[in-house]
Amino acid sequence: MSFSDIPPKMKALVLEAPGKYSVRWVDTPKPGPYEVLVRVRAVAICGSDPLLLTGKFAGGKYPLFYPMIPGHEWAGEIVALGPGVTEFKIGDRVAGEAHKGCGLCNMCKKGRYNLCENFGNMEKGHRWYGFIANGAYAQYQVYHVKAIHKIPDTMSFEEGAMVDTTAIALHGLKRAGVPPGGTVVIIGPGPVGLCALQCAKALGAGRVIVVGRGHGGRSNRMKVARELGGELVDVEIEDPVSRVLELTNGKGADLVVECSGSEEACSWTVNMVRKGGSIVLIGNYKKPVNYLMSKVVFDEITIYGSRGNPNASDEAINLIASGKINVKKLITHVFPLDEFAKALETFVKRLEGAIKVIVKP
(Lines give C-alpha, C1' and ligand atoms only; values in the text may rest on other atoms or scores of the structure.)
Protein backbone atom coordinates (compact mmCIF):
# COMPACT_ATOMS: atom_id res chain seq x y z
CA MET A 1 0.00 0.00 0.00
CA SER A 2 1.39 3.40 -0.96
CA PHE A 3 0.48 6.52 0.99
CA SER A 4 -1.68 7.63 -1.94
CA ASP A 5 -3.93 4.64 -1.20
CA ILE A 6 -4.54 5.77 2.38
CA PRO A 7 -7.68 7.90 2.91
CA PRO A 8 -6.90 11.59 3.52
CA LYS A 9 -9.53 11.66 6.28
CA MET A 10 -10.13 9.26 9.15
CA LYS A 11 -12.54 8.78 12.02
CA ALA A 12 -11.16 9.58 15.45
CA LEU A 13 -12.34 10.22 18.99
CA VAL A 14 -11.43 13.85 19.53
CA LEU A 15 -11.21 15.31 23.03
CA GLU A 16 -11.93 19.02 22.60
CA ALA A 17 -12.09 20.06 26.27
CA PRO A 18 -12.59 18.32 29.63
CA GLY A 19 -15.76 16.25 29.31
CA LYS A 20 -16.32 17.26 25.69
CA TYR A 21 -15.47 14.66 23.08
CA SER A 22 -16.94 13.22 19.90
CA VAL A 23 -16.17 10.84 17.04
CA ARG A 24 -15.53 12.89 13.92
CA TRP A 25 -13.55 13.07 10.71
CA VAL A 26 -10.01 14.50 10.92
CA ASP A 27 -6.94 14.54 8.71
CA THR A 28 -5.01 11.28 8.52
CA PRO A 29 -1.52 11.90 9.93
CA LYS A 30 1.69 11.21 8.03
CA PRO A 31 4.68 9.46 9.60
CA GLY A 32 7.86 11.43 10.22
CA PRO A 33 11.42 10.11 10.49
CA TYR A 34 11.57 6.75 12.30
CA GLU A 35 7.79 6.67 12.57
CA VAL A 36 5.20 4.37 11.06
CA LEU A 37 1.56 4.88 10.19
CA VAL A 38 -0.61 2.18 11.73
CA ARG A 39 -4.13 1.11 10.83
CA VAL A 40 -5.48 0.73 14.35
CA ARG A 41 -7.63 -2.39 14.67
CA ALA A 42 -8.38 -2.63 18.40
CA VAL A 43 -8.05 -0.33 21.42
CA ALA A 44 -8.66 -1.35 25.03
CA ILE A 45 -10.21 1.16 27.40
CA CYS A 46 -7.86 1.82 30.32
CA GLY A 47 -8.87 2.94 33.80
CA SER A 48 -7.02 6.20 33.17
CA ASP A 49 -9.14 7.03 30.10
CA PRO A 50 -12.30 8.17 31.96
CA LEU A 51 -10.15 10.48 34.11
CA LEU A 52 -8.32 11.90 31.10
CA LEU A 53 -11.58 12.50 29.24
CA THR A 54 -13.04 14.46 32.15
CA GLY A 55 -9.91 16.49 32.95
CA LYS A 56 -9.28 14.67 36.23
CA PHE A 57 -6.19 12.66 35.35
CA ALA A 58 -3.14 13.64 37.43
CA GLY A 59 -5.07 16.56 38.86
CA GLY A 60 -5.95 17.85 35.39
CA LYS A 61 -2.31 18.13 34.29
CA TYR A 62 -2.91 16.04 31.17
CA PRO A 63 -3.52 16.24 28.29
CA LEU A 64 -1.12 19.06 27.50
CA PHE A 65 -3.21 20.34 24.60
CA TYR A 66 -6.68 20.33 23.05
CA PRO A 67 -8.00 19.03 20.76
CA MET A 68 -6.28 15.67 21.12
CA ILE A 69 -6.91 11.99 20.46
CA PRO A 70 -6.65 9.73 23.56
CA GLY A 71 -6.10 5.98 23.77
CA HIS A 72 -2.91 4.02 24.46
CA GLU A 73 -3.67 0.28 24.63
CA TRP A 74 -3.86 -0.84 21.02
CA ALA A 75 -2.90 -3.20 18.21
CA GLY A 76 -3.01 -2.83 14.44
CA GLU A 77 -1.01 -3.17 11.24
CA ILE A 78 1.58 -0.94 9.60
CA VAL A 79 0.40 0.71 6.38
CA ALA A 80 3.16 3.27 5.73
CA LEU A 81 6.77 3.88 6.75
CA GLY A 82 8.45 7.17 7.53
CA PRO A 83 12.02 8.00 6.48
CA GLY A 84 14.70 5.83 8.09
CA VAL A 85 12.45 2.94 9.16
CA THR A 86 14.19 -0.38 8.49
CA GLU A 87 13.07 -2.49 11.46
CA PHE A 88 9.49 -2.87 10.26
CA LYS A 89 7.70 -3.34 6.95
CA ILE A 90 4.25 -2.59 5.60
CA GLY A 91 1.85 -5.30 6.71
CA ASP A 92 3.55 -6.03 10.02
CA ARG A 93 1.09 -6.63 12.85
CA VAL A 94 2.08 -4.64 15.93
CA ALA A 95 1.05 -3.69 19.45
CA GLY A 96 2.04 -0.43 21.08
CA GLU A 97 3.20 0.91 24.39
CA ALA A 98 2.48 4.38 25.67
CA HIS A 99 5.97 5.54 26.65
CA LYS A 100 8.79 6.51 24.30
CA GLY A 101 11.71 8.19 26.02
CA CYS A 102 13.94 10.95 24.70
CA GLY A 103 16.84 8.49 24.50
CA LEU A 104 19.26 11.17 25.74
CA CYS A 105 18.83 11.47 29.51
CA ASN A 106 20.37 9.30 32.23
CA MET A 107 17.15 7.39 32.84
CA CYS A 108 16.69 6.56 29.17
CA LYS A 109 20.32 5.46 28.90
CA LYS A 110 19.67 3.06 31.77
CA GLY A 111 16.66 1.63 29.93
CA ARG A 112 14.19 3.28 32.32
CA TYR A 113 12.55 5.41 29.66
CA ASN A 114 9.27 5.42 31.60
CA LEU A 115 11.10 7.79 33.95
CA CYS A 116 12.49 9.98 31.16
CA GLU A 117 14.00 13.16 32.58
CA ASN A 118 12.58 15.05 29.61
CA PHE A 119 9.08 13.76 30.34
CA GLY A 120 6.55 15.90 28.50
CA ASN A 121 9.16 17.61 26.32
CA MET A 122 8.18 16.57 22.81
CA GLU A 123 10.87 18.79 21.28
CA LYS A 124 13.48 16.56 22.90
CA GLY A 125 11.76 13.43 21.63
CA HIS A 126 9.67 12.27 24.57
CA ARG A 127 6.27 10.77 23.77
CA TRP A 128 3.48 9.56 26.01
CA TYR A 129 0.95 8.43 23.46
CA GLY A 130 -2.67 9.07 24.36
CA PHE A 131 -1.69 11.59 27.05
CA ILE A 132 0.71 14.20 25.63
CA ALA A 133 0.76 12.93 22.03
CA ASN A 134 -2.20 11.80 19.95
CA GLY A 135 -3.27 8.25 20.67
CA ALA A 136 -5.08 5.24 19.32
CA TYR A 137 -8.82 6.00 19.33
CA ALA A 138 -8.56 6.60 15.60
CA GLN A 139 -8.54 4.62 12.39
CA TYR A 140 -4.91 5.61 11.77
CA GLN A 141 -2.10 6.90 13.97
CA VAL A 142 1.64 7.51 13.79
CA TYR A 143 4.06 5.89 16.25
CA HIS A 144 7.80 5.95 16.70
CA VAL A 145 9.44 2.58 16.04
CA LYS A 146 10.64 2.47 19.66
CA ALA A 147 7.02 2.32 20.85
CA ILE A 148 5.77 -0.64 18.79
CA HIS A 149 6.31 -4.40 18.95
CA LYS A 150 5.57 -7.14 16.43
CA ILE A 151 2.83 -9.61 17.30
CA PRO A 152 2.42 -13.04 15.68
CA ASP A 153 -0.29 -13.89 13.16
CA THR A 154 -1.79 -16.29 15.71
CA MET A 155 -2.59 -13.40 18.05
CA SER A 156 -5.81 -11.49 17.42
CA PHE A 157 -5.77 -7.70 17.41
CA GLU A 158 -8.04 -7.77 20.46
CA GLU A 159 -5.42 -9.83 22.30
CA GLY A 160 -2.74 -7.48 21.00
CA ALA A 161 -4.56 -4.55 22.59
CA MET A 162 -4.06 -6.33 25.93
CA VAL A 163 -0.27 -6.38 25.64
CA ASP A 164 0.02 -3.01 27.40
CA THR A 165 -2.00 -4.15 30.43
CA THR A 166 -0.18 -7.46 30.63
CA ALA A 167 3.20 -5.73 30.42
CA ILE A 168 2.25 -3.32 33.23
CA ALA A 169 1.57 -6.29 35.51
CA LEU A 170 4.71 -8.06 34.33
CA HIS A 171 6.93 -5.03 34.93
CA GLY A 172 5.61 -4.64 38.46
CA LEU A 173 6.24 -8.28 39.34
CA LYS A 174 9.72 -8.25 37.86
CA ARG A 175 10.59 -5.11 39.81
CA ALA A 176 10.38 -7.20 42.99
CA GLY A 177 10.90 -10.69 41.63
CA VAL A 178 8.55 -13.62 42.21
CA PRO A 179 10.03 -16.18 44.64
CA PRO A 180 9.85 -19.65 42.99
CA GLY A 181 7.07 -21.56 44.69
CA GLY A 182 6.27 -18.56 46.86
CA THR A 183 2.98 -16.97 47.87
CA VAL A 184 1.84 -13.82 46.08
CA VAL A 185 -1.12 -11.64 47.09
CA ILE A 186 -2.83 -9.55 44.40
CA ILE A 187 -5.09 -6.76 45.68
CA GLY A 188 -7.66 -5.63 43.12
CA PRO A 189 -9.01 -8.09 40.51
CA GLY A 190 -9.29 -5.53 37.72
CA PRO A 191 -7.60 -6.01 34.35
CA VAL A 192 -4.10 -5.31 35.72
CA GLY A 193 -4.71 -7.47 38.79
CA LEU A 194 -6.01 -10.39 36.72
CA CYS A 195 -3.00 -10.11 34.43
CA ALA A 196 -0.75 -9.96 37.51
CA LEU A 197 -2.36 -13.14 38.81
CA GLN A 198 -1.46 -14.96 35.61
CA CYS A 199 1.99 -13.39 35.32
CA ALA A 200 2.81 -14.41 38.89
CA LYS A 201 1.97 -18.02 38.08
CA ALA A 202 3.95 -17.86 34.83
CA LEU A 203 6.96 -16.53 36.77
CA GLY A 204 6.87 -19.41 39.23
CA ALA A 205 4.57 -18.48 42.11
CA GLY A 206 3.28 -21.54 43.91
CA ARG A 207 0.19 -19.82 45.20
CA VAL A 208 -1.68 -16.62 44.34
CA ILE A 209 -4.26 -15.07 46.67
CA VAL A 210 -6.58 -12.45 45.17
CA VAL A 211 -8.15 -9.82 47.44
CA GLY A 212 -11.25 -8.03 46.17
CA ARG A 213 -14.95 -7.32 46.55
CA GLY A 214 -17.26 -10.25 45.95
CA HIS A 215 -20.50 -8.23 45.74
CA GLY A 216 -22.44 -11.08 47.28
CA GLY A 217 -21.01 -13.61 44.87
CA ARG A 218 -21.98 -11.52 41.83
CA SER A 219 -18.52 -10.16 40.97
CA ASN A 220 -17.48 -11.38 37.55
CA ARG A 221 -13.93 -10.24 38.30
CA MET A 222 -13.65 -12.44 41.37
CA LYS A 223 -15.24 -15.30 39.44
CA VAL A 224 -12.63 -14.98 36.71
CA ALA A 225 -9.88 -14.72 39.33
CA ARG A 226 -10.97 -18.08 40.73
CA GLU A 227 -11.14 -19.61 37.25
CA LEU A 228 -7.58 -18.43 36.64
CA GLY A 229 -6.38 -20.25 39.72
CA GLY A 230 -6.51 -17.58 42.40
CA GLU A 231 -7.58 -18.17 46.00
CA LEU A 232 -10.15 -15.53 46.92
CA VAL A 233 -10.40 -13.19 49.88
CA ASP A 234 -13.63 -11.18 49.87
CA VAL A 235 -13.14 -7.92 51.77
CA GLU A 236 -16.90 -7.51 52.13
CA ILE A 237 -17.26 -10.56 54.35
CA GLU A 238 -13.84 -11.03 55.99
CA ASP A 239 -10.94 -8.93 57.21
CA PRO A 240 -8.39 -9.13 54.39
CA VAL A 241 -5.27 -8.89 56.57
CA SER A 242 -6.46 -11.50 59.06
CA ARG A 243 -7.52 -13.85 56.27
CA VAL A 244 -4.22 -13.58 54.39
CA LEU A 245 -2.32 -14.26 57.62
CA GLU A 246 -4.58 -17.24 58.30
CA LEU A 247 -3.93 -18.63 54.80
CA THR A 248 -0.16 -18.25 55.29
CA ASN A 249 0.05 -19.77 58.79
CA GLY A 250 0.55 -16.36 60.34
CA LYS A 251 3.66 -15.53 58.30
CA GLY A 252 2.27 -13.37 55.50
CA ALA A 253 2.92 -13.48 51.77
CA ASP A 254 6.32 -13.36 50.11
CA LEU A 255 5.08 -10.64 47.76
CA VAL A 256 2.04 -8.34 47.86
CA VAL A 257 1.02 -6.49 44.69
CA GLU A 258 -1.46 -3.61 45.09
CA CYS A 259 -3.36 -2.92 41.87
CA SER A 260 -6.58 -1.26 43.04
CA GLY A 261 -5.41 2.29 43.71
CA SER A 262 -7.30 2.28 47.01
CA GLU A 263 -5.48 4.07 49.82
CA GLU A 264 -7.09 1.73 52.36
CA ALA A 265 -5.98 -1.33 50.41
CA CYS A 266 -2.48 0.10 50.13
CA SER A 267 -2.33 0.40 53.92
CA TRP A 268 -3.12 -3.33 54.25
CA THR A 269 -0.06 -4.42 52.31
CA VAL A 270 2.52 -3.90 55.06
CA ASN A 271 0.51 -6.15 57.40
CA MET A 272 0.02 -8.89 54.78
CA VAL A 273 3.66 -9.35 53.81
CA ARG A 274 6.10 -11.60 55.62
CA LYS A 275 9.36 -10.53 57.25
CA GLY A 276 11.87 -9.74 54.52
CA GLY A 277 9.09 -9.71 51.93
CA SER A 278 8.30 -7.26 49.16
CA ILE A 279 5.44 -4.96 48.19
CA VAL A 280 4.78 -3.62 44.69
CA LEU A 281 2.52 -0.60 44.25
CA ILE A 282 0.93 -0.37 40.80
CA GLY A 283 -2.24 1.48 41.78
CA ASN A 284 -2.59 5.24 41.35
CA TYR A 285 -3.18 6.84 44.77
CA LYS A 286 -4.74 10.27 45.03
CA LYS A 287 -4.40 10.78 48.80
CA PRO A 288 -1.74 10.07 51.43
CA VAL A 289 -1.59 6.48 52.67
CA ASN A 290 -1.41 5.58 56.36
CA TYR A 291 1.55 3.20 56.52
CA LEU A 292 3.04 1.51 59.59
CA MET A 293 6.61 2.49 58.72
CA SER A 294 8.13 0.96 61.85
CA LYS A 295 7.07 -2.47 60.55
CA VAL A 296 8.70 -1.70 57.20
CA VAL A 297 11.95 -0.91 59.04
CA PHE A 298 12.02 -3.70 61.62
CA ASP A 299 10.78 -6.42 59.23
CA GLU A 300 13.06 -5.21 56.41
CA ILE A 301 10.17 -4.97 53.96
CA THR A 302 11.06 -3.70 50.50
CA ILE A 303 8.55 -1.44 48.72
CA TYR A 304 8.68 -0.94 44.96
CA GLY A 305 6.83 1.66 42.93
CA SER A 306 5.93 0.55 39.42
CA ARG A 307 5.07 2.83 36.51
CA GLY A 308 4.19 1.74 33.00
CA ASN A 309 5.80 -1.21 31.28
CA PRO A 310 9.35 -0.46 30.10
CA ASN A 311 11.12 -3.35 28.38
CA ALA A 312 8.25 -5.72 29.17
CA SER A 313 6.11 -5.76 26.02
CA ASP A 314 8.00 -8.41 24.06
CA GLU A 315 7.91 -10.82 26.99
CA ALA A 316 4.21 -10.09 27.50
CA ILE A 317 3.59 -10.88 23.82
CA ASN A 318 5.41 -14.20 24.20
CA LEU A 319 3.42 -15.11 27.31
CA ILE A 320 0.13 -14.35 25.58
CA ALA A 321 1.13 -16.12 22.35
CA SER A 322 2.25 -19.23 24.25
CA GLY A 323 -1.04 -19.43 26.15
CA LYS A 324 0.54 -18.86 29.56
CA ILE A 325 -1.47 -15.65 29.86
CA ASN A 326 -5.13 -15.84 28.81
CA VAL A 327 -6.26 -12.31 27.98
CA LYS A 328 -9.30 -13.49 26.01
CA LYS A 329 -10.94 -14.32 29.32
CA LEU A 330 -10.70 -10.68 30.37
CA ILE A 331 -12.24 -9.22 27.19
CA THR A 332 -15.95 -9.05 27.93
CA HIS A 333 -17.22 -6.45 25.44
CA VAL A 334 -16.33 -5.15 21.97
CA PHE A 335 -17.77 -1.95 20.42
CA PRO A 336 -17.19 0.01 17.21
CA LEU A 337 -15.63 3.46 17.58
CA ASP A 338 -18.97 5.10 16.73
CA GLU A 339 -20.36 3.60 19.95
CA PHE A 340 -17.55 4.89 22.15
CA ALA A 341 -19.93 6.56 24.63
CA LYS A 342 -21.69 3.22 25.20
CA ALA A 343 -18.35 1.42 25.47
CA LEU A 344 -17.11 3.90 28.07
CA GLU A 345 -20.30 3.64 30.12
CA THR A 346 -20.08 -0.15 30.03
CA PHE A 347 -16.50 0.00 31.29
CA VAL A 348 -16.99 2.64 33.98
CA LYS A 349 -20.21 1.18 35.39
CA ARG A 350 -19.01 -2.41 34.90
CA LEU A 351 -22.23 -3.23 33.13
CA GLU A 352 -22.92 -6.89 32.35
CA GLY A 353 -19.83 -7.97 34.28
CA ALA A 354 -17.48 -5.82 32.19
CA ILE A 355 -13.78 -6.31 32.79
CA LYS A 356 -11.94 -5.17 29.67
CA VAL A 357 -13.80 -3.33 26.93
CA ILE A 358 -12.37 -3.17 23.40
CA VAL A 359 -13.10 -0.43 20.86
CA LYS A 360 -12.58 -1.12 17.14
CA PRO A 361 -11.93 2.02 15.03
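Some observations on this one:
- Among residues of segment 21-70, those that are in a loop (DSSP other than H, G, I, E, B) and either among the polar types (S, T, N, Q) or assigned by TED's automatic domain parsing to the domain that holds Gly261 (or both), counted: 2
- Just one of the listed residues (Tyr285, Tyr291) is under 21 Å from Asp254 (Cβ atoms) and either over 14 Å from the mean Cα position of the chain (by Cα) or β-branched (Val, Ile, Thr) (or both), namely Tyr291.
Rundown of residues vs (1) part of a strand (DSSP E or B); (2) at pLDDT 95 or above; (3) on the phi > 0 side of the Ramachandran plot; (4) surrounded by fewer than 18 Cβ atoms within 10 Å (Cβ to Cβ), yes/no style:
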position: Ile209; (1), (2), (3), (4): yes, yes, no, no
position: Ala225; (1), (2), (3), (4): no, yes, no, no
position: Val233; (1), (2), (3), (4): yes, yes, no, no
position: Glu238; (1), (2), (3), (4): no, yes, no, yes
position: Arg243; (1), (2), (3), (4): no, yes, no, no
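- Summed over segment 248-278, residues that are in contact with an Asp or Glu (Cβ under 7 Å, 6 or more places away or on another chain) and not charged (D, E, K, R) total 5.
- Condition met for Lys201 (among the basic types (Lys, Arg), closer than 16 Å to Ser278 by Cβ and either under 18 Å from the mean Cα position of the chain (by Cα) or buried (at least 19 other Cβ atoms within 10 Å of the Cβ) (or both)): no
- Residue within segment 313-321 that is of a type outside the set (Lys, Arg), over 23 Å from Gly111 (Cα atoms) and modelled with pLDDT of 95 or more present: yes
- For segment 118-151, a tally of residues being surrounded by fewer than 23 Cβ atoms within 10 Å (Cβ to Cβ), part of a loop (DSSP other than H, G, I, E, B) and of a type in the set (Val, Ile, Thr) returns 1.
- Any hit, segment 254-264, residues being free of Cβ contacts under 8 Å to residues at least 60 places away in the same chain, of a type outside the set (Gly, Ala, Ser) and out of contact with any helix residue (DSSP H, G or I) (no Cβ under 6 Å at 6 or more places or on another chain): yes
- Odd one out for Leu115 among (1) without any contact (Cβ under 8 Å) to a residue 60 or more places away in the chain; (2) hydrophobic (A, V, I, L, M, F, W, C); (3) surrounded by fewer than 19 Cβ atoms within 10 Å (Cβ to Cβ): (1)
- Exclusive hit being over 16 Å from the mean Cα position of the chain (by Cα), in the same structural domain as Thr28 (by TED's automatic domain parsing) and among the small types (Gly, Ala, Ser), set Gly96, Gly135, Gly130, Gly82: Gly82
- Of the residues making up segment 272-295, those that are surrounded by fewer than 16 Cβ atoms within 10 Å (Cβ to Cβ) and either in a helix (DSSP H, G or I) or at pLDDT 95 or above (or both) are Lys275, Gly276, Met293, Ser294, Lys295.
- All of (1) within 26 Å of Gly216 (Cα to Cα); (2) of a type outside the set (Lys, Arg); (3) part of a strand (DSSP E or B); (4) touching a Leu at 6+ places or on another chain (Cβ under 9 Å) hold for Val256 with one exception: (4).
- Looking at Ile317, Ile301, just one residue is among the aliphatic types (A, V, I, L, M), outside the structural domain of Gly261 (by TED's automatic domain parsing) and surrounded by 15 or more Cβ atoms within 10 Å (Cβ to Cβ), and that residue is Ile317.
The values are calculated or read from the model by the stated rules, or taken from the named source; none is laboratory data. Just so it is clear, the model here is predicted, and its values are computed rather than measured. Positions of Cβ are generated from backbone atoms using ideal geometry, with glycine treated the same way; all protein chains shown enter the neighbour counts.
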